[in-house]
Amino acid sequence: MSTERPEAAQPLHALEADAVLRAILQGTATETGHDFFAALVRNLADVLGTHGAWVTEYFPESRRLRALAFWMDGQWVKDYEVDIAGTPCERVIDSATLVHFPDRILEIYPQEEELRQAGAVSYMGVPLKDHNGAILGHMAVIDRRPIPEEPRIHAIFQIFAARAAAELRRLRAEAEVRDREETVGRLLGSAMDAIIELDDQLRITRVNPATERVFRCGGSRMIGQDFRRFMSDEDARRVSDLITELDTRPEGERSLWIPGGLTARCPEGGSFPAEATLSRFELRRRTATTVILRNVRDRIEAEHKIRSLTVETELLREELQSRHPGTLIGESPALRRVLDDIAQVAPTDATVLIVGETGTGKELVARAIHQASQRRERPFVIVNCAAIPATLMESELFGHEPGAFTGATKKREGRFALADRGTIFLDEIGELPLDLQAKLLRVLQEGEFDPVGSSHTKKVNVRVLAATNRDLPTSIKEGQFRADLYYRLNVFPLTLPPLRERGDDIVHLASAFAQRCARTMGRTLAPLTADCAGRLMRYGWPGNVRELQNVMERAVITAVDGTLNLDRALPEVPPSEAPPASSGRQDPSGILTAEEFESLERTNILRALEETGWIVAGEKGAAKRLGLNPSTLASRMKALGIRKPR
Ligand SMILES: Nc1ncnc2c1ncn2[C@@H]1O[C@H](COP(=O)(O)OP(=O)(O)OP(=O)(O)O)[C@@H](O)[C@H]1O
């Protein structure tokens, strides 16, 4: 700091208050910010006739002051910043009142180097506060002469301080507004959604950068235009109605999602599906609207993709099975005829009605037809008409729209849609409810149907295969089945003979099933004996091939020493002549409950263990007799709770 005193300075006591005020006003009236403070401190120094005057901004965290303007000995002190500790300024800040050291200041602050260098004798400082009393900065003067403790001087000083504080507050407020605008600007700039501001006439006043991306145009092309131009006419009407509705709501609740979204139009052509919110608010006594809008095309496409992938997965699962259908085993003339029929009808698109008793292989035949057809690369979809409740059948076959019935929250594709360009197999068609028989007839005749709850007719190209073990002509007579549907299905009837009419096929099938079962169990089996074959041939097979499959599986499980055991697996007498089973249970298909199966296995293992003297492993062990791995036998014994008696 220089110690020179400006020549123009006048003694303080000679000044008039009015002149002072005029000086302040004249010096600062037109200025703001830096220029304002510069004018203020120069005038202050002039009016009070002090060597130095300055206004600062205060930073409470660092307890430092930074000069906004510092006038000393007729020149500007640039970039002045000071730590307030141990200075008279500290007293001003901490006491938050005017502090005046009229004389001999260096005696009070002997350590204050800057005061010493400036040759300061007196100091006067006053805090600059905001409306809440927080210290924003301070204003001070120093002089090389005493500054008398006159109320008039204090009053003048306070007038300058009030002006400085007001400007400081204004600057702070301005900075805050700037900060907020920057934050809002950053928010708007980084938003992925189009944010559009509308005036009270719904004309676009402002858009964020994302709006240009969303609407694929320069945002300025939209400014000033009615927002409703950028949507379909129907949506424009809806938006107007929604805004009218919003205005009836209490303040704070004037926002909503546009139900169901809207179709937005780009100024340069094209449209896209959008989701949007509308918010109404008062701005300077005018009602403004903010629209936040998002292009949901990608999301909708992703949803479609997910839906179609789910459907595809379902189809693939079914296809996987249909790609490896068990081959139809048999060489009997009866089966040969069936195979010939399959070969003949498969390449055509004819509807096939497969008739036969339960378990004769109707599903296997349907798969074989699909596999031999040109549709083999497309889905093979099975519907078991007896397994689906009548109430759900229509939606299962034809699909439904959301809200079609209670619980139908989402759109669902039906089996006909899934089978498009492939084959649908309607198993147990005789169980289809009458009302659906009419709808099925329509698909067969016109290839079209209406999903439940939809007014849009769907067209499909599906080959229909149906099967039944009912006598449909009788069902027609009883009014259970539509004659027209029967004739439409019966384009190519294919009758599967019961197993008992397939002669040697019984033995071929038995042997094939036994070997397959033994393979999966890791066992080796001796070929079927003549005695076994005879017994199988003599049995009536009411459950047909399925029953034979189950019998052979049981025979393998209970096999001793690799020799099939039909004793427990096959009823002694044909079921038609057999007395009811002692348990009271008689399942014509020969299926065992889990409990029965376990008991059978336990008895078998116990028998082997008793015969081998409870030796498990080795040449003479029970595992060898059972054709099992010793560790498998051990774990089965543990699971079944079999222990050697003491
Ligand atoms: N000729 C055959 N060769 C090999 N396996 C067969 C043969 N016929 C049927 N099967 C097998 O027998 C079981 C029953 O066959 P399928 O389910 O096709 O009979 P279905 O007539 O459709 O029975 P349902 O009337 O009860 O629906 C299946 O495991 C099937 O693989």
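The values are calculated or read from the model by the stated rules, or taken from the named source; none is laboratory data. Computed from a prediction, not measured in an experiment: that's the story for all the values here. Positions of Cβ are generated from backbone atoms using ideal geometry, with glycine treated the same way; all protein chains shown enter the neighbour counts.
Quick notes on this one:
- Hey, V464 modelled with pLDDT under 90, outside the structural domain of G627 (by TED's automatic domain parsing) and hydrophobic (A, V, I, L, M, F, W, C) or not: no
- Any pair with Cβ under 7 angstrom, 6 or more apart, that starts in segment 267-278 at a residue that is more than 21 Å from G224 (Cα to Cα) and ends at one that is assigned to a loop (DSSP other than H, G, I, E, B) and β-branched (V, I, T): P273/V296; A274/V296; E275/V296
- Any hit, segment 469-484, residues being within 23 Å of Q344 (Cα to Cα), more than 15 Å from the ligand (Cβ to nearest atom), outside any loop (DSSP other than H, G, I, E, B) and at pLDDT 90 or above: no
- When L426, L444, L509 are screened for being within 24 Å of G359 (Cα to Cα) and either away from the ligand (no atom under 15 Å from the Cβ) or not assigned by TED's automatic domain parsing to the domain that holds C532 (or both), only L426 passes.
- Taken over segment 447-462, the criterion of being touching a strand residue (DSSP E or B) at 6+ places or on another chain (Cβ under 8 Å) and either of a type outside the set (K, R) or within 20 Å of F481 (Cβ to Cβ) (or both) is satisfied by G447, E448, F449, D450, P451, V452, G453, S454, T457, V460, V462.
- Residue match in segment 119-137 (condition: more than 60 Å from the chain's Cα centre (by Cα), more than 17 Å from R64 (Cα to Cα) and among the β-branched types (V, I, T)): yes
- Test result for L465, touching a strand residue (DSSP E or B) at 6+ places or on another chain (Cβ under 7 Å) and either β-branched (V, I, T) or farther than 12 Å from F398 by Cα (or both): yes
- Restricted to segment 330-401, the set of helices (runs of 4 or more DSSP H) holding at least 3 residues that are under 30 Å from G503 (Cβ atoms) and within 15 Å of the ligand (Cβ to nearest atom) comprises 333-345, 362-371.
- Close pairs from segment 201-220: first not assigned by TED's automatic domain parsing to the domain that holds G269, partner β-branched (V, I, T), Cβ under 7 Å, at least 6 apart: none
- Any hit, segment 218-239, residues being of a type in the set (A, V, I, L, M), surrounded by fewer than 16 Cβ atoms within 10 Å (Cβ to Cβ) and either modelled with pLDDT of 90 or more or outside any loop (DSSP other than H, G, I, E, B) (or both): yes
- Qualifying residues in segment 512-543 (those that are within 15 Å of the ligand (Cβ to nearest atom) and part of a loop (DSSP other than H, G, I, E, B)) - the one farthest from G356 (Cα to Cα): W541
- Residues of segment 402-426 classified as in a loop (DSSP other than H, G, I, E, B) and either modelled with pLDDT of 90 or more or closer than 30 Å to V365 by Cβ (or both), total: 6
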